[in-house]
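A.B. asks: Before we start, here is the structure in question, set down as structure tokens.
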Amino acid sequence: MSEWSIEEAEKLYGVSRWGGGYFEVGENGNVHVTPVPSDKSIRIDFQALIDEIRDEGVQFPVVVRFHDVLRSQVASLNTTFRDVITEAEYTGKYQGVYPVKVNQMREVVEEIVDAGEPFDYGLEAGSKAELITALALNNNENSLTILNGYKDEECMRLALLGRKLGRKMVVVVEKYTELLLLVKIAKELEIDPIIGVRSKMTVKGRGKWEGSGGERAKFGLTIAEIIKTARYLEEQGMGHCLKLLHFHIGSQLTDIRAVKEAISEGARIYADLHKMGFALDYVDVGGGLGIDYDGSASTNESSRNYTLHEYVADVVYGMKEVCDLEKVPHPNLVSESGRAITAHHSCVITEIVGEIRSNSAEIDTTPAENEHVFVKNIRELEDYFDEQTSMQEVFNDASQYKEQALDAFKLRVLSLEELGKIETIYWRIMSRLRTWYANEEYVPEELQELDYSLSSQYLCNFSVFQSAADTWAIDQLLPVVPLTRMNEKPSVNCTLVDITCDSDGKLDQFTVGREITDILPMHPLKNGENYYAGLFLTGAYQDVMGDMHNLFGRLNEVHIYSHDDDPQDFYIEEVVKGSSVQDVLNIMQYNPRAMAYDVKKLIDKQVSAGNIRPREGVRWTDFYENCLAGYTYLKTGR
């Protein structure tokens, strides 16, 4: 075994590359969290965190929220904009908003609102329920609340209620008919709305969501519709209400060039509207600020080729350049960067509860009388090939023998035991081939696939559909790493599978070194020792997009705050219980109380018949009711 070090572990798993300054491999081989960038002495060891979670009696899997990371991201975005605005001598200011759709959890939104208070950082709502949430939580009269998405009369009235309460509620017009409705209700209530228009941009973003921009975008107005909107407001004596231009070219923008192009186009639209007599106060550049999920700092779909400072500088300087050329005032800048705010603060900790291997069950392959020639052939192949043999030829012959054996078994020519011998020998040959070519410069394509076919499947106590929906739905890559033992060389290549009964419930795309691979090196499982994996950067969308597949509900949550005076540098501020079995059954229209009653009747019937003793019947009844009240995931020991 070659020398192994923390540096080697960092190269392999790239924790610092995708960790955003918050996660790294500690000298003890455990993943550490440094939640306060300004104070690197505060370090949280994941092993200590896991131990405390267990001591609190919280069952895994769990979602862990680092609230200091959330606050830090809010401060980082706002201070970067302020610093660049000062440096550029830009006369407008930055007033960002957090899009609630990215993570609607109350604790998350409340933390963002509180951390954003000094910056007048507001909220964006894209639905009626989110608008109701924003009305209740965004109490800062200087911050914006921006209403996007399609709206009905109730949405309009809620926005105007916000104006009545002294809030800066901006209704963004997505289609012309919304404008007619808004003007009608505003005149009826005698309330001046703050109106924005969303432009359909010709510029398209780069990445998975590039289809959300361009002329075929779902939301927004064409240039002609924007002009028509402005003129209609002027006719209605409400031209002064038009205050914001909004555009959005897609989420998770991978290439900074798309940002530059969008700012140039958007700034021109703003400038010309201003020259037409509409003194807009704000330009909302939308979302799109990406996250480097794979740590490659590239234009890969799960990465970005720019830093936060570069993004902000392109927004500020790009807007300033056009405005100065057109001799119009610098507008206040708004962005809706939800993914960048929330992704890093949350991760899922799951326990590896088992290993599945295709070649794990070997049987005795010693020669037997009258055994079939196929068994003899593959045994001879195993016995006599060596380094001088063509490995491609060995692979071809072994594969042919296995295929012939399967056909022969189906035709009742080969017995089940003989087929088992051939499979056992076949996998031994494949393992030898993989060992042989491990250090070779050139490996034939077919043999390269052996890494995957011989890899283990580590069984994780969680549901991909509930906790990592995007990995299944759109092949979004999320970093996955072991949380401990990184000072040991990982020797097991594996994919990760969940406990659902669906074959799609797996993770088989990982960032390893500088590449995206279909296997992840992990450590061998040890009897009597728990082994945990962390699924990181789950705070954006993953937290709130999970489904009810197999009736696995929401995970237990643990909310963490750093505390420098604590021996472990943290404390658990709150534990939010995940879904119980009866919770998820209620959602699906079952009646758990009636179900418990029905099962009790069945047990009582067996007791009356003498098939179950009375004491045993009581225990079974209690057991069923306890299961109803319990967690939906597997219970595991220490």
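The values are calculated or read from the model by the stated rules, or taken from the named source; none is laboratory data. The structure displayed is predicted, hence computed values, not measured ones. Here the Cβ positions follow ideal geometry from the backbone for every residue, glycine too, while neighbour counts run over all protein chains shown.
A.B. asks: Just name the residue that is farthest from Ile429 (Cα to Cα) out of those in segment 344-375 that are assigned to a strand (DSSP E or B) and among the hydroxyl-bearing types (Ser, Thr, Tyr).
C.D. replies: Of all residues in segment 344-375, those assigned to a strand (DSSP E or B) come to 346-356.
Next cut, among the hydroxyl-bearing types (Ser, Thr, Tyr) only: 346, 350.
On the way: Ser346: 43, Thr350: 34 Å.
Within segment 344-375, the match that is farthest from Ile429 (Cα to Cα) is Ser346.
A.B. asks: Check Leu182, Leu135 and return the single one that is part of a helix (DSSP H, G or I) and either buried (at least 22 other Cβ atoms within 10 Å of the Cβ) or of a type in the set (D, E, K, R) (or both). Can you show your working first?
C.D. replies: Working: Leu135 fails: either buried (at least 22 other Cβ atoms within 10 Å of the Cβ) or of a type in the set (D, E, K, R) (or both).
The unique qualifying residue is Leu182.
A.B. asks: Let me ask something additional. So, Arg71, is that one surrounded by 21 or more Cβ atoms within 10 Å (Cβ to Cβ), modelled with pLDDT of 95 or more and among the basic types (Lys, Arg) or not? First the steps, then the outcome.
C.D. replies: On the way: surrounded by 21 or more Cβ atoms within 10 Å (Cβ to Cβ): no; modelled with pLDDT of 95 or more: yes; among the basic types (Lys, Arg): yes.
In short, no.
A.B. asks: Is at least one residue of segment 58-68 over 19 Å from the mean Cα position of the chain (by Cα) and of a type outside the set (Asp, Glu)?
C.D. replies: yes
A.B. asks: I would also like to ask the following. Are there strands (runs of 3 or more DSSP E) fully within segment 1-116 with at least 1 residues that are touching a strand residue (DSSP E or B) at 6+ places or on another chain (Cβ under 8 Å) and free of Cβ contacts under 8 Å to residues at least 60 places away in the same chain? List them.
C.D. replies: 23-25, 31-33
A.B. asks: For the structure I just gave you, tell me whether Val170 is part of a strand (DSSP E or B) and either among the hydrophobic types (A, V, I, L, M, F, W, C) or more than 26 Å from the chain's Cα centre (by Cα) (or both).
C.D. replies: Values: part of a strand (DSSP E or B): yes; either among the hydrophobic types (A, V, I, L, M, F, W, C) or more than 26 Å from the chain's Cα centre (by Cα) (or both): yes.
Taking the combined requirement at face value, the residue satisfies it.
A.B. asks: Going residue by residue through segment 393-401, is there one that turns out to be in a helix (DSSP H, G or I), under 41 Å from the mean Cα position of the chain (by Cα) and under 30 Å from Val558 (Cβ atoms)?
C.D. replies: Looking for residues that are in a helix (DSSP H, G or I), under 41 Å from the mean Cα position of the chain (by Cα) and under 30 Å from Val558 (Cβ atoms), one finds none in segment 393-401, hence no.
A.B. asks: Looking for something at pLDDT 95 or above, under 30 Å from Ile474 (Cβ atoms) and not in a helix (DSSP H, G or I) - is there at least one such residue anywhere in segment 149-158?
C.D. replies: Within segment 149-158, not a single residue is at pLDDT 95 or above, under 30 Å from Ile474 (Cβ atoms) and not in a helix (DSSP H, G or I).
A.B. asks: Taking only pairs six or more apart or across chains, which ones have beta-carbon atoms under 8 Å, a first residue in segment 595-612 that is farther than 28 Å from Asp583 by Cα, and a second residue that is in a helix (DSSP H, G or I) and polar (S, T, N, Q)?
C.D. replies: Correct list of pairs: Ile612/Gln606.
A.B. asks: Here's a follow-up. Give me the residue from segment 495-516 that is surrounded by fewer than 22 Cβ atoms within 10 Å (Cβ to Cβ) and touching a residue at least 60 places away in the same chain (Cβ under 8 Å) and, out of that set, nearest to Ala297 (Cα to Cα).
C.D. replies: For segment 495-516, the residue satisfying everything is Arg514.
A.B. asks: Every residue in segment 451-467 that is in a strand (DSSP E or B) and not small (Gly, Ala, Ser), please.
C.D. replies: First, the residues of segment 451-467 that are in a strand (DSSP E or B): 456-460.
Passing the criteria: Gln457, Tyr458, Leu459, Cys460.
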